[in-house]
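Colleague: I'd like to ask you about the structure that follows.
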Amino acid sequence: MKLPEAAGLFLVALARLITGAQGHWYGCPPKAEQRIYFANHQSHFDGLLIWAAQPRELRAQTRLIAARDYWTASPLKRWITTDILNAVYVSRLRTHDEDPLEPLMDALRSGDSLVIFPEGTRGNKGAPSAFKAGLFHLAEAFPSVQLIPAWVDNVQRVMPKGEVVPVPILCSVTFGAPLQLKPGEDKREFLTRARAAVIALKDVQAGDAPAVTA
């Protein structure tokens, strides 16, 4: 086993030790199909929690989105996001001729799955902020890729904004039913519907609905 693979298993084990990293699949089975997972965003720990909540075969093809300026600021951060997580870097400091979605589209063209946070930035509210247009453009460009809403619960207490040391608290990720861009659906309608699908998962608790298995 190579070092990045071993380090990835260690990160998963650590995330599960700190948070439990429970994955509840109520709307879709945990199958290794190309997908875009989109979720609420309240902590730097969100993406890792979603990744750790997935079975190993899904993690192998699922890539997190990482802000280039933050996650390449030190050799350790760069090594974790590049060698272990195989993250897709996006730039928050954009030039006029740069398309911020192009790295994500390249990953999708290569057959990878993605974890994205359509709010674009971390929030402190219970409900996510309005979704930005990126999810709509990806859905429009890749209609065959499944769009899977997810709700990350309690993670803001593990890694609050401004903190660097995680606090052990039980967390979970609830995965919902796939969405599709409807024929003729405009951007605002789609993003409102996608955001509502994420929020609806907030109140889904274990036992409220039958789990879906592969």
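Colleague: Go through segment 133-152 residue by residue and tally those that are assigned to a strand (DSSP E or B), at pLDDT 95 or above and among the β-branched types (Val, Ile, Thr).
Modeller: 1
Colleague: To continue, here is another question. Quick one: in segment 62-101, which of the residues that are assigned to a loop (DSSP other than H, G, I, E, B) and in contact with an Asp or Glu (Cβ under 9 Å, 6 or more places away or on another chain) is modelled with the highest pLDDT?
Modeller: The extreme case among them is 86.
Colleague: Do you know which residues across segment 102-132 are in a loop (DSSP other than H, G, I, E, B), modelled with pLDDT of 95 or more and either of a type in the set (Gly, Ala, Ser) or farther than 20 Å from residue 66 by Cβ (or both)?
Modeller: 110, 111
Colleague: Residue 19 versus (1) in contact with a Lys or Arg (Cβ under 9 Å, 6 or more places away or on another chain); (2) polar (S, T, N, Q); (3) buried (at least 21 other Cβ atoms within 10 Å of the Cβ); (4) at pLDDT below 90: which is the lone unmet condition?
Modeller: Evaluating residue 19 over (1) in contact with a Lys or Arg (Cβ under 9 Å, 6 or more places away or on another chain); (2) polar (S, T, N, Q); (3) buried (at least 21 other Cβ atoms within 10 Å of the Cβ); (4) at pLDDT below 90 leaves (1) as the failure.
Colleague: I'm checking my understanding of the structure. Among residues of segment 197-208 that are more than 12 Å from residue 177 (Cα to Cα) and among the hydrophobic types (A, V, I, L, M, F, W, C), which one is modelled with the highest pLDDT?
Modeller: Result: 199.
Colleague: Follow-up question, since we're still on this one. Out of all the residues in segment 31-39, is one or more within 11 Å of the chain's Cα centre (by Cα), of a type outside the set (D, E, K, R) and under 16 Å from residue 80 (Cβ atoms)?
Modeller: no
Colleague: If you don't mind, another one. In segment 27-61, how many are among the aromatic types (Phe, Trp, Tyr) and not in a strand (DSSP E or B)?
Modeller: Quick first cut of segment 27-61, residues among the aromatic types (Phe, Trp, Tyr) only: 37-38, 45, 51.
Next cut, not in a strand (DSSP E or B) only: 45, 51.
Of the residues in that region, 2 qualify.
Colleague: Could you please find all residues in segment 40-72 being among the charged types (D, E, K, R), over 19 Å from residue 28 (Cα atoms) and either surrounded by fewer than 20 Cβ atoms within 10 Å (Cβ to Cβ) or touching a Pro at 6+ places or on another chain (Cβ under 8 Å) (or both)?
Modeller: 68, 69, listed by residue number.
Colleague: Oh, and also: What is the one condition in (1) in contact (Cβ under 8 Å) with a residue 40 or more places away in the chain; (2) under 15 Å from residue 148 (Cβ atoms) that residue 32 does not satisfy?
Modeller: (1) is the only condition that residue 32 fails.
The values are calculated or read from the model by the stated rules, or taken from the named source; none is laboratory data. Please read all numbers here as calculations on a predicted model, not as lab measurements. Every residue, glycine as well, gets a Cβ built from its backbone with ideal geometry; the counts of neighbours run over all protein chains shown.
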